[in-house]
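What follows is a single structure, written as structure tokens, with notes after it.
Derivation of every value follows stated rules applied to the coordinates shown; laboratory data play no part. Quick caveat: nothing in here was measured; it's all calculated off a predicted structure. For neighbour counting, all protein chains shown are included, and Cβ atoms are generated from backbone atoms with ideal geometry for every residue, glycine included.
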Amino acid sequence: MRGCRLESLRSYDSVVRRLALVLAVSLVVACGQSATPSASGAHAGQYGVAGVIPPNADHPAAADYETMYRSFGETGGLVGVYTNWSDAVTNGGKIPKLVDDMFAAGKRYGFTPLVALGVSHDAVTTVTATITWDNADERRRFITAAVAVAKTYQPAYLALGVEVNRLARDDPASFEGFVSAYREAYAAIKVASPTTAVFTIFQLELLRGAGYLSTGRRSGKAQWELLDRFAGALDVVGFTTYPFLDYESPSSVPADYYASVAARVKAPIAFTEIGWPSAPIAAAPASGFGGTPEEQASFVKRFFDLTATLKPAFSLWSFPNDPGPTAATFASVGLRQRDGTPKPALAAWREAIAAH
């Protein structure tokens, strides 16, 4: 790495990326489609994209959402819909509106939402819990909401918690409460929808004790022991993965980067977010971090090469479109530019999923 100041990246990246994944979607059922529940027990494929990010994400029109919906089929058919477990104080215990809306849109446009109900919120430098776990009423409403999603939509997969190892790092007490509630919710979901695969999601680079651009540390403490806290209640193990937080080129990512993880996991692996930028990191343009359109496409191939023997349950790329400059380090991670123009990575992704 060529010396430069990267500190400004670390404070806000987790905030803007998580906001990008749960962009407000007031037009999510554009063109008059109503939010009518629909059965969705089997997903359309093993691949897709994460995040409801339409073209022109900072000021999208109804046509931008329709363009996004229609594009989901060409990236594999799965769409990661990540939202907090409750979208309003008065809606606790009910299915979040975004989830209903995306299933309605999926029914119309032929894609399958893959829901993750978050339990934490990104602050400037840390994550904070969005539920007080020792409050019996709040805990009950969380479990009720999760069961409602499972019962209503009978999804193939349902995640509870996103990058929960970040919560373990920043608020250990809340993490303990989540683990207990997760196990209770897992059992209840299995009654409501026995075929739904229930899981939680970890941030892989942090779990490895890495993620330099986010943590500012070259050798942090690994968190592998957290996997054991969910033993017996993980039908798959979900990971978000952004190797560019540690490596300056796809070729630098070690050959055993993902295989070494699989050796520690006792359930099928799934990748809920995958990404590499197509432009230099704006706050550190003189560094070796960041990317080019060609480098991003190269990472798509590299990812499939490195996971060939793992046979992931599913793999989702972040994002369908670039979220824009407010997303800082993640501004150029999408498969298309901000205005929806395809990048070489889109062709590489389509070629890779066609071959699998």
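Averaging Cα coordinates gives a centre for the stretch 161-196 and one for the stretch 294-356; these two points are 29 Å apart. For volume of the Cα convex hull per residue in Å³, the value computed from the atomic coordinates appears in the list [x] 147; [y] 135; [z] 119 under label [z].
Taking a straight line from the alpha carbon of LYS266, these aspartates and glutamates sit under 15 Å away, with near neighbours fewer than eight places off in the same chain left out: GLU225, ASP228, ASP235.
When the chain is described by a simple charge dipole with +1 on each Lys and Arg Cβ and -1 on each Asp and Glu Cβ, the residue from LEU204, ILE53, SER193 located farthest towards its positive end is SER193.
Please give the net charge around ALA63, taking every other residue with its beta carbon less than 14 angstrom from that of ALA63, where Lys and Arg add +1 and Asp and Glu add -1.
Here the count lands on -2.
When both the stretch 234-272 and the stretch 58-126 are represented by their alpha-carbon centers, they are found 24 Å apart. Taking the DSSP beta bridges with both ends in the chain, the antiparallel portion is around 10 percent.
Its Cα centre serving as origin, the stretch 7-355 has a Cβ charge dipole (Lys and Arg +1, Asp and Glu -1) of approximately 600 debye. Partner lysines whose Cα lies under 22 Å from the Cα of LYS107, excluding those fewer than 8 positions away in the same chain, are identified as LYS94, LYS97, LYS151.
Using a Gaussian network model of the chain in which every pair of alpha carbons under 10 angstrom is joined by a spring, one finds that among TRP85, TRP276, TRP133 the greatest mean-square fluctuation is at TRP133. Note on the chain: helix-only mean residue ellipticity at 222 nm, from DSSP H runs of 4+ residues weighted -39500 (n - 2.57) and normalised by residue number, equals -10500 deg cm²/dmol.
Note: relative contact order over the chain, using C-alpha pairs below 8 Å and six or more positions apart, is 20 percent. Computed from the Cβ-Cβ distance with R0 of 25 Å, the FRET efficiency linking ASN56 to THR292 stands at 0.60.
If you take every residue apart from SER86 with its C-beta less than 13 Å away from the C-beta of SER86, what net charge results, scoring Lys and Arg +1 and Asp and Glu -1?
Values: positive: LYS94, LYS97, ARG139, ARG140, ARG141; negative: ASP87, ASP137, GLU138.
That works out to +2.
Exactly which trypsin sites (Lys or Arg not before Pro) in the stretch 228-282 are in a DSSP loop and have at most 15 other Cβ atoms within 10 Å? Counting only loop positions with at most 15 other Cβ atoms within 10 Å, the trypsin sites (Lys or Arg not before Pro) in the stretch 228-282 are ARG264, LYS266.
The residue among LEU316, PRO293, THR152 whose Cα reaches farthest toward the positive pole of the charge dipole of the chain, with charges on the beta-carbon of Lys, Arg, Asp and Glu, is THR152.
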